[in-house]
Amino acid sequence: MTKRKATVFRPTAFSFPYLAVTLIFVIVPLILVLVYAFRGEDGGFTFDNFRQVFTEPETLRQLGQTVGIAALSTLICLLIAYPVAYILASNPFNKMAILALLFVIPMWINFMLRIFALQSLLSMIGIGKSYTAAVIGMVYDFFPYMLLPIYTVLANMDKSYVEASRDLGATPVQTFFKVTLPLSIPGVVSGISMMFMPIFSSYAITKMMGDMNTTVIGAKIASLFENQNYGSYGYGSAISFVLLVLVLVVMLIGNAIVRRTEKAPKGGKA
Amino acid sequence: MSFFDKIRSIFIKDKKDTAPAPAEAPVSAPAKKGENIIEIKGITKVFDGVTVLDNLSLGIKRGQFVTLLGPSGCGKTTLLRLIAGFETPTEGEIFIEGVPITSIPPYKRPVNTVFQKYALFPHLNVFKNVAFGLKLKKVKDPTAKGGERKYTKEEIEEKVNRALKLVGLEDYGHRDVNSLSGGQQQRVAIARAIVCEPKVLLLDEPLGALDLKMRKEMQIELKKMHEDLGITFIFVTHDQEEALTMSDVVVVLNDGMIQQIDRPKKIYDEPKNAFVADFIGESNILSGVMEKDYVISFLGKSLPCVDKGFERNEKVDVVIRPEDIKISGGKEGGHFDGVVLTSVFKGTYYEMIVLASDYEFTVQSQTEYRPGTEVSLEIVPDSIHIMKKILTINKHLGSVTGENAVTFCGGEFEIPTEGFEVGDEVIVYVPFDAVELTDDEKDGVIGAAVTQSLYKGTYYQVQVYTDTDEDFYIDTSDEWDMDDRVGVKIDGSKVRLEKYDPDAAEEAKE
């Protein structure tokens, strides 16, 4: 065999466009955020912006409220979505994937439209702009993101696990808590991260459905950047950076949980 | 000390250990070997309009190793799942030790299952998998509240370790189940089931996923375990060799019906019908005519046999095992003269195909005759097995829907209807050779799936299954592949019609 000439189109060449996109739209903005976060009003390096994040009571309160509203909506969503996913994945309904689709179709409608519609519906039954309304909005909007991963895990779960459990003497309730639930944890974790993290940075829902006191940190960042005052860019970037770290921590915890439940790849060696 | 000695020693010790504990004594009447532990009465199971089990009854004796054997789709796994409680029968009742169990949920039944793909819990390690059932189990203890208590941690640990020792995985308790090989996972699955001390152990093709060598080893080990544990094993397999090697009793199933229940040796030597003969090992199956008692005629020859009790000139199936045919060189001395077509060495014998009287005999012999050699075949009376033909004609209920048109089995066929009027209910008799199969489903009047194809000497007997849940038998010179979709046509001139009279039919039944 003679040596082949280096071909122009190596497989790695196909990844260049993606690399370029990633570079322009992810890496560069991230660096910009970092630069702004560490730049003082005079243009020099400073920690002032971060100091401000952790000392300004208003910011801390909003940060706390963001975590609170994200955690509460995620929890409520999980409590509703799990039973729904369980029922949809169970025998008589499983054949009708259309039912699961019904829960997903609202995602196809414009997000703002959905929120407006929900808002008018809620005010019709007497729930005006409030913390409660904001939480309902979050739960409503992110429900499919919670439902789908759990549904997928439950629907694809080997039914013989449940049968083995019942065969070994576990009642249906025991089987659920000892087998079904632990095996569905990866779906639950993925649902939580799909919901918890976007809520951190979303502020449209709280802005439109919450009252004056229900503001999240996303709104604060937006207002800082909308402000023409050049100095607030640095503060806004610092808050964004803190959020980013928080989200990363949540993600790492989630991954650790999943890895613990799914220690090895499915099936194993034959 | 060999592995089996180890098992034995563990078990002898085991019996001593557990004997004084009255808590574990059986609740019901004292166990007698030989009585039926499981009684299946008239079980029918229908899935989405398809009858998987058809009015099946079976008794299983305590302590036996019973194998349910049959091709895929014969209903053997369904039967096992009915006993385990994962399915409920459409009709009929199952009794375990005289207690009807069809309304009892699986977690309360005194049976445990070893699943086909093991179904080990991936989130638990080996020890916890085996301990799963024990942690849930309640033991009788008169000193405890309510007369029942759970196993203590120490008891669970002891039992789990003993079960792991029994399957040869003593030091694997802490291991992740996904890190084990197929054979090891299999052993964990067995340990997990027997640690619960079931009265009946159900095994659903447990060796199917193992390689050949491993499978042979596990066959011997399972058999040993059965002897040591003394409980009833019900084993499902489609592998006839496995069934014959391991079982006390083999139940051959096909089409949701029991074809034969017997000891392995008898199943092999005296198959009850052509299906069993074909399914259990290599066979030459031919069509013959019983001339009179002890005389059978096939392939144009009359030969002495040992069977009697058939009607004169009754059509029968003849089964001859390949190892029962005596083959010798030359053209003399035998019943059939032929030519060797192929010869294959099979380890301890040669398997040859011999063309004689237009039939391709499969013959096994220690001596090889090369292809092209002229040989003579001798068949002694003892080795000719005669079986009643299950059916000699297709019989279907239909109605006359037009001039020379009869509708049955979901299609309108062209059949002369002289003497009948439109709207008449008729019984349609279709001889096997009046049916024609077509490659393309659309070319036939109705579509059907091939469920069985048996070579009967000069022709194939094919069984097809129509979409209206009915069977057709066809005699054809072509071989058809199982599960293929085919079209069914009928030569109307060979079909006989008979007026259907419901009242007369009722009487005939009684």
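Quick one: which of B:V488, B:V445 is surrounded by 14 or more Cβ atoms within 10 Å (Cβ to Cβ), within 32 Å of the chain's Cα centre (by Cα), within 24 Å of B:V50 (Cα to Cα) and not basic (K, R)? Quick ask: steps written out before the conclusion?
Numbers: B:V445 fails: within 32 Å of the chain's Cα centre (by Cα).
From the options B:V488, B:V445, the qualifying one is B:V488.
Which residue, of B:T77, B:T88, B:T102, is surrounded by 18 or more Cβ atoms within 10 Å (Cβ to Cβ) and either within 14 Å of chain A (Cβ to nearest Cβ) or outside any helix (DSSP H, G or I) (or both)?
Values: B:T88 fails: surrounded by 18 or more Cβ atoms within 10 Å (Cβ to Cβ); B:T102 fails: surrounded by 18 or more Cβ atoms within 10 Å (Cβ to Cβ).
Answer to the check: B:T77.
Out of the residues in the range B:210-230 that are among the hydrophobic types (A, V, I, L, M, F, W, C) and part of a helix (DSSP H, G or I), which is nearest to the other protein chains (Cβ to nearest Cβ)? Give the derivation first.
Taking the range B:210-230 and keeping what is among the hydrophobic types (A, V, I, L, M, F, W, C), we get B:210, B:212, B:214, B:218, B:220, B:222, B:225, B:229.
Within this subset, residues satisfying the condition of being part of a helix (DSSP H, G or I) are B:212, B:214, B:218, B:220, B:222, B:225, B:229.
Working: B:L212: 13, B:M214: 10, B:M218: 14, B:I220: 21, B:L222: 18, B:M225: 18, B:L229: 17 Å.
Out of the qualifying residues, it is B:M214.
Among the listed residues B:V167, B:V139, B:V195, which satisfies the condition of being within 13 Å of chain A (Cβ to nearest Cβ), crowded, with 17+ Cβ neighbours inside 10 Å and not small (G, A, S)? Spell out how you get there, then give the answer.
Numbers: B:V167 fails: within 13 Å of chain A (Cβ to nearest Cβ); B:V139 fails: crowded, with 17+ Cβ neighbours inside 10 Å.
After ruling out the rest, the residue left standing is B:V195.
Just one of the numbered conditions (1) in contact with an Asp or Glu (Cβ under 6 Å, 6 or more places away or on another chain); (2) exposed (fewer than 12 other Cβ atoms within 10 Å of the Cβ); (3) of a type in the set (S, T, N, Q) is not true of B:T348; which one?
(1)
In the range B:371-408, how many are without any contact (Cβ under 8 Å) to a residue 60 or more places away in the chain and part of a loop (DSSP other than H, G, I, E, B)?
Selection size over the range B:371-408: 5.
If you scan the range A:158-207, which residues turn out to be hydroxyl-bearing (S, T, Y) and away from chain B (no Cβ under 14 Å)? It would help to see each step written out before you state the result.
To start, the set of residues in the range A:158-207 that are hydroxyl-bearing (S, T, Y) comprises A:160-161, A:165, A:171, A:175, A:180, A:184, A:190, A:193, A:201-203, A:206.
Scanning the range A:158-207 gives A:S190, A:S193, A:S201, A:S202, A:Y203, A:T206.
Suppose we filter the range B:277-299 for residues that are within 30 Å of B:L68 (Cβ to Cβ) and among the hydroxyl-bearing types (S, T, Y); how many remain? Working first, answer last.
Within the range B:277-299, the subset within 30 Å of B:L68 (Cβ to Cβ) is B:277-287.
Right, trim to among the hydroxyl-bearing types (S, T, Y) and you get B:283, B:287.
Total satisfying the criteria: 2.
Does B:V276 meet the test of being outside any strand (DSSP E or B), modelled with pLDDT of 85 or more and either hydroxyl-bearing (S, T, Y) or surrounded by fewer than 16 Cβ atoms within 10 Å (Cβ to Cβ) (or both)?
Numbers: outside any strand (DSSP E or B): yes; modelled with pLDDT of 85 or more: yes; either hydroxyl-bearing (S, T, Y) or surrounded by fewer than 16 Cβ atoms within 10 Å (Cβ to Cβ) (or both): no.
The answer is no for B:V276.
Could you check B:L207 against (1) part of a loop (DSSP other than H, G, I, E, B); (2) more than 12 Å from chain A (Cβ to nearest Cβ); (3) closer than 30 Å to B:I258 by Cβ; (4) touching a residue at least 40 places away in the same chain (Cβ under 8 Å) and say which number it fails?
For B:L207, the exception is condition (4).
Cβ-Cβ under 8 Å, sequence separation 6+ or interchain: first residue in the range B:346-362 and touching a residue at least 40 places away in the same chain (Cβ under 8 Å) and assigned by TED's automatic domain parsing to the domain that holds B:I379, partner assigned to a strand (DSSP E or B) and among the polar types (S, T, N, Q). Which pairs?
B:E351/B:S343; B:E351/B:T362; B:E351/B:Q364; B:Y359/B:N284; B:F361/B:N284; B:T362/B:N284
Scan (1) over 24 Å from B:D278 (Cβ atoms); (2) out of contact with any strand residue (DSSP E or B) (no Cβ under 6 Å at 6 or more places or on another chain); (3) outside any loop (DSSP other than H, G, I, E, B) for the single condition B:I427 breaks and write down its number.
(2)
Name, by its number, the condition in (1) surrounded by 18 or more Cβ atoms within 10 Å (Cβ to Cβ); (2) under 26 Å from the mean Cα position of the chain (by Cα) that does not hold for A:I80.
(1) is the only condition that A:I80 fails.
Is at least one residue of the range B:115-132 out of contact with any helix residue (DSSP H, G or I) (no Cβ under 9 Å at 6 or more places or on another chain) and more than 9 Å from chain A (Cβ to nearest Cβ)? First the steps, then the outcome.
Just the residues of the range B:115-132 that are out of contact with any helix residue (DSSP H, G or I) (no Cβ under 9 Å at 6 or more places or on another chain), to begin with: none.
The answer is no, given that none of the residues of the range B:115-132 is out of contact with any helix residue (DSSP H, G or I) (no Cβ under 9 Å at 6 or more places or on another chain) and more than 9 Å from chain A (Cβ to nearest Cβ).
Identify, please: which residue in the range B:170-192 is part of a loop (DSSP other than H, G, I, E, B) and of a type outside the set (S, T, N, Q) and is, among those, farthest from the other protein chains (Cβ to nearest Cβ)?
Among those residues, the one meeting the criterion is B:G173.
The values are calculated or read from the model by the stated rules, or taken from the named source; none is laboratory data. Predicted model, so just to flag it, every value in this text is computed and none were measured. FYI the Cβ positions are ideal-geometry reconstructions off the backbone, even for glycines, and counts take in every protein chain you see.
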